[in-house]
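Working notes for the structure below.
The values are calculated or read from the model by the stated rules, or taken from the named source; none is laboratory data. Fair warning: this is a prediction, and the values are worked out from it, not measured in the lab. Neighbour counts are summed over all protein chains in view; Cβ atoms, including those assigned to glycine, are modelled from backbone coordinates with ideal geometry.
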Amino acid sequence: MPSTNLLDQLQACPFFASLQETDLQLLLHYGKLNIFSEGKTVHNIGEQSMDMFFLILSGEIAIITGTGKVLQQMGRGDLVSDLDVSLLMNGKTGVIQAVRPTEIFVWYVGVIQKHLPVFMKRLMELT
């Protein structure tokens, strides 16, 4: 499941579309590509804050409650943030799980706040 050019995928995402290529290169520098096979847990919800946000490059994820109820499925091009998941879960525990083989590009809030504060401000305004 090799991804296409990461820069092209960022540019194709509406959230990042207005950013210059140099800004996108910085985002790529401070992020990390993660690959999950079908059924693998991307994140356990409720144990601690995710303190991250990620772009789904390929595949699909599901946000699932502790009782197994699927609250939402998301796929290629969707941006997932800590705030979005917290609001959706409303205090419940659960998991974010790969529904099929999935590639995500992850950024950690603390790193982005430190190195790209202007971008972090924009992210907070849009979520």
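Residues in the stretch 107-127: is at least one surrounded by 18 or more Cβ atoms within 10 Å (Cβ to Cβ) and free of Cβ contacts under 8 Å to residues at least 40 places away in the same chain? Yes, there is a match, as at least one residue in the stretch 107-127 is surrounded by 18 or more Cβ atoms within 10 Å (Cβ to Cβ) and free of Cβ contacts under 8 Å to residues at least 40 places away in the same chain.
The requirement of being without any contact (Cβ under 8 Å) to a residue 24 or more places away in the chain and part of a helix (DSSP H, G or I) is satisfied by Gln25.
The residues listed here are Thr65, Thr102; of these, the one that is over 16 Å from Phe36 (Cα atoms) and either of a type outside the set (D, E, K, R) or in contact with a Cys (Cβ under 8 Å, 6 or more places away or on another chain) (or both) is Thr65.
In the stretch 75-92, is there at least one residue being among the polar types (S, T, N, Q), assigned to a strand (DSSP E or B), in contact (Cβ under 8 Å) with a residue 60 or more places away in the chain and closer than 28 Å to Asn5 by Cβ? Spell out how you get there, then give the answer.
Step one: list which residues in the stretch 75-92 are among the polar types (S, T, N, Q), which gives 81, 86, 90.
From the residues that got through so far, the ones that are assigned to a strand (DSSP E or B) too are 81.
Subset that is in contact (Cβ under 8 Å) with a residue 60 or more places away in the chain: none.
No.
When the residues of the stretch 28-57 are narrowed to those that are assigned to a loop (DSSP other than H, G, I, E, B) and modelled with pLDDT of 90 or more, which ends up nearest to the chain's Cα centre (by Cα)? Top of the filtered list is Gly31. If only residues of the stretch 58-100 that are loosely packed, with under 14 Cβ neighbours inside 10 Å and of a type in the set (Ser, Thr, Tyr) are counted, the one that is modelled with the highest pLDDT is Thr67.
Residue check: is Lys32 of a type in the set (D, E, K, R), without any contact (Cβ under 8 Å) to a residue 24 or more places away in the chain and loosely packed, with under 14 Cβ neighbours inside 10 Å? Spell out how you get there, then give the answer.
Details: of a type in the set (D, E, K, R): yes; without any contact (Cβ under 8 Å) to a residue 24 or more places away in the chain: no; loosely packed, with under 14 Cβ neighbours inside 10 Å: yes.
No.
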